[in-house]
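The values are calculated or read from the model by the stated rules, or taken from the named source; none is laboratory data. Predicted model only: the values in this text are computed from it and were never measured. Methodologically, a virtual Cβ is constructed for each residue, glycine included, from the backbone with ideal geometry; neighbour enumeration extends over all protein chains shown. Just the protein is used for accessible areas: all its heavy atoms, side chains included, with ligands, DNA and RNA removed. Shrake-Rupley method; radii C 1.70, N 1.55, O 1.52, S 1.80 Å.
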Amino acid sequence: MAAPCPVLDVLDMEVKPKASQLHWYELHMQPCVAELLGTALFIFMGCLAVLEDSGGTGRLQPALAHGLALGITIAVLGDISGGHFNPAVSLGVCLLGGLHITMLIPYWLSQICGGMIGAGLAKAVAPTEHFRNASGGAFSAITADEQVPAVLAAEIVLSSFLLLVVCMGAINGRTRTPLAPLCIGLSVTVGILAGGGVSGACMNPARAFGPALVANYWDYHWVYWAGPMVAALLVGALVRLLLGDRATRLFLK
């Protein structure tokens, strides 16, 4: 019987550990590229739907465009970055341990840059008159200080619904489902149909920031950051303390 070749054994020891290790680009850079691209595409589609609203569809056209675009981008890019495309979602996922805290700021920067690119592309292809009439796709639901409490409350509730679908459908082990991209997209569609007339149903600070920068429209812009971020904290605490499975709940770790 031939003796085992020591050279092959050494090669196996050297190769096998490396095969299971991801390159630093796949761990750190590629997710940010996916977040940049996905956010840009999502916000381009959403803004363009607002700018080119045919008039007779009401909130249906923007609702379907935002929801379908988000669901599709999550489905094709989710395995790379998680498919957040929303700073509030990244915060909520980070609170549940689904995103390392060192990647939170890079994700936010990628999403904000993606928002600027998407809004800029929408401005480039849309007629100037349509862009001006729709304030570049920026959120202009608030026209007086008296509206701020209602709009802020609406943004918190609508964003909480979206965050709950994300956290329970894509992060929590016991309730995770392969239909998460569809469910998340539909939650955005439902949010716009239900709350679009109250607050514009932003639910995404990157969606608010990109068009606001391109159109230079900053009226009450802070509301569209505060609402989703507060919702992320609330839903993160709810799932972490009460609704999550054994691996997710904070007091069982």
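A few notes on this one:
- Using a probe of 1.4 Å on the protein chains alone, the accessible area found for THR73 is around 10 Å².
- Area accessible to solvent at VAL89, 1.4 Å probe radius, in Å²: 10
- Sparse-neighbour loop sites [trypsin sites (Lys or Arg not before Pro); the stretch 113-201; at most 16 other C-beta within 10 Å; DSSP]: ARG174, ARG176
- Neighbourhood charge, 10 Å Cβ-Cβ cut-off, centred on PRO228 and excluding it, Lys, Arg +1 and Asp, Glu -1: 0
- Residue with peak Gaussian network fluctuation, the chain [Cα springs, cutoff 10 Å], from THR39, THR189, THR143: THR143
- Remark on the chain: ratio of C-alpha radius of gyration to 2.2 N^0.38 Å is 1.17.
- The slack between VAL148 and CYS183, meaning 0.36 nm per residue of separation minus the straight C-alpha distance, is 9.7 nm.
- Charge tally in the Cβ shell below 14 Å around HIS84, where Lys, Arg are +1 and Asp, Glu are -1, HIS84 excluded: -1
- What the stretch 92-237 shows is 44 Å² of accessible area per residue, with the surface traced by a 1.4 Å probe over protein heavy atoms.
- Accessible carbon and sulfur surface of the chain relative to its total accessible area, %, 1.4 Å: 70
- For the stretch 134-194, the Cα-based Rg and Dmax, in that order, read 14.7, 44 Å.
- Convex hull volume per residue in cubic angstrom - Cα atoms of the stretch 106-253: 123
- Other residues with beta-carbon under 15 Å from the beta-carbon of ALA206 carry, at +1 per Lys or Arg and -1 per Asp or Glu, a net charge of -1.
- Using a cutoff of 8 angstrom between alpha carbon atoms and counting only pairs six or more residues apart, the relative contact order for the chain works out to 26 percent.
- Put a dot 7 Å past the Cα of LEU233, heading toward its Cβ, do the same for ASP219, and the two dots end up 2.8 nm apart.
- 0 to 90° range, to nearest 10: angle between helix 205-215 axis and the chain longest Cα axis: 50
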